[in-house]
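The values are calculated or read from the model by the stated rules, or taken from the named source; none is laboratory data. This one's a predicted model, so the numbers in the text were calculated from it and none came from an experiment. In this analysis, Cβ positions are derived from the backbone assuming ideal geometry, glycine residues included, and neighbour counts consider all displayed protein chains.
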Amino acid sequence: MIIKKLDDVLGTSAEVDTTGWTSRRLIFKDAGMGYSVNDTIIKPGARLDMTYRHHLETVYCIEGRGQITDMATGQTHQIAAGTLYALNAHDHHVLEANQGVAMRMVCVFNPPLTGAEVHDATGAYALEP
Ligand code: 9YT
């Protein structure tokens, strides 16, 4: 059994900070679970254009407000605490956090992240061997 607290990863290499988000990586590939779990802060006003072409991702919002746009259809959905989205088709999407408030998201990736990934120019993570 693995027991981990957010405090255990804050300030370590498992806390990955970028311009638009800070990802606190709680469970990653080394755990052998077949998925990874992050507690991620989307910074206020951030606009993230992403296509996880190598991964499926489910995202559950637990704090804050924003919106997600499905770039295939142009449809925008409001996101608030209690809203989940699942990128089940490697969807090209734009996630925007409202001004003035961070969004906090629980992010599950399949296949699991190895722990230190940051987005490439297309808003994807590389697929680890
Ligand atoms: C919600 C989202 O995709 N944010 C970008 C960061 C990523 N999910 C991560 O590594 O936590």
If we keep only residues of region 1-20 that are part of a loop (DSSP other than H, G, I, E, B) and within 18 Å of residue 46 (Cβ to Cβ), then the residue farthest from the ligand (Cβ to nearest atom) is 19
Let me confirm something: among 123, 100, which residue is of a type in the set (Gly, Ala, Ser), closer than 16 Å to residue 23 by Cα and surrounded by fewer than 19 Cβ atoms within 10 Å (Cβ to Cβ)? 123
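Of the residues that make up region 50-59, is at least one among the aromatic types (Phe, Trp, Tyr), closer than 29 Å to residue 2 by Cα and modelled with pLDDT under 95? Break it down stepwise before answering.
Step one: of region 50-59, the residues among the aromatic types (Phe, Trp, Tyr) are 52.
Next, only the ones that are closer than 29 Å to residue 2 by Cα stay: 52.
The next check asks that each one be modelled with pLDDT under 95; those that pass are 52.
Checked against the condition, which is being among the aromatic types (Phe, Trp, Tyr), closer than 29 Å to residue 2 by Cα and modelled with pLDDT under 95, region 50-59 yields at least one hit.
For residue 67, indicate whether it is touching a His at 6+ places or on another chain (Cβ under 7 Å) and either more than 22 Å from residue 114 (Cα to Cα) or surrounded by fewer than 16 Cβ atoms within 10 Å (Cβ to Cβ) (or both).
Details: touching a His at 6+ places or on another chain (Cβ under 7 Å): yes; either more than 22 Å from residue 114 (Cα to Cα) or surrounded by fewer than 16 Cβ atoms within 10 Å (Cβ to Cβ) (or both): yes.
Here the answer is yes, as residue 67 does meet what is asked.
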Check off (1) closer than 20 Å to residue 18 by Cα; (2) without any contact (Cβ under 8 Å) to a residue 40 or more places away in the chain for residue 77 and give me the number that stays unchecked. (1)
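Give me the residue from region 60-70 that is closer than 19 Å to residue 122 by Cα and not hydroxyl-bearing (Ser, Thr, Tyr) and, out of that set, farthest from the chain's Cα centre (by Cα). Outline the logic, then answer.
First, pick out the residues of region 60-70 that are closer than 19 Å to residue 122 by Cα: 68-70.
Next cut, not hydroxyl-bearing (Ser, Thr, Tyr) only: 68, 70.
Details: 68: 13, 70: 16 Å.
My answer is 70.
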Go through (1) surrounded by fewer than 15 Cβ atoms within 10 Å (Cβ to Cβ); (2) within 28 Å of residue 1 (Cβ to Cβ); (3) not small (Gly, Ala, Ser) and name the single condition residue 78 misses. (2)
Restricting attention to strands (runs of 3 or more DSSP E) lying wholly within region 39-129, give those where 3 or more residues are more than 10 Å from the ligand (Cβ to nearest atom). 56-63, 65-70, 75-80
Unmet requirement for residue 107, which otherwise passes all of (1) surrounded by 15 or more Cβ atoms within 10 Å (Cβ to Cβ); (2) over 17 Å from residue 18 (Cα atoms): (2)
Condition first: surrounded by 12 or more Cβ atoms within 10 Å (Cβ to Cβ), modelled with pLDDT of 95 or more and assigned to a loop (DSSP other than H, G, I, E, B). Now tell me which residues in region 21-38 satisfy that. 33, 35
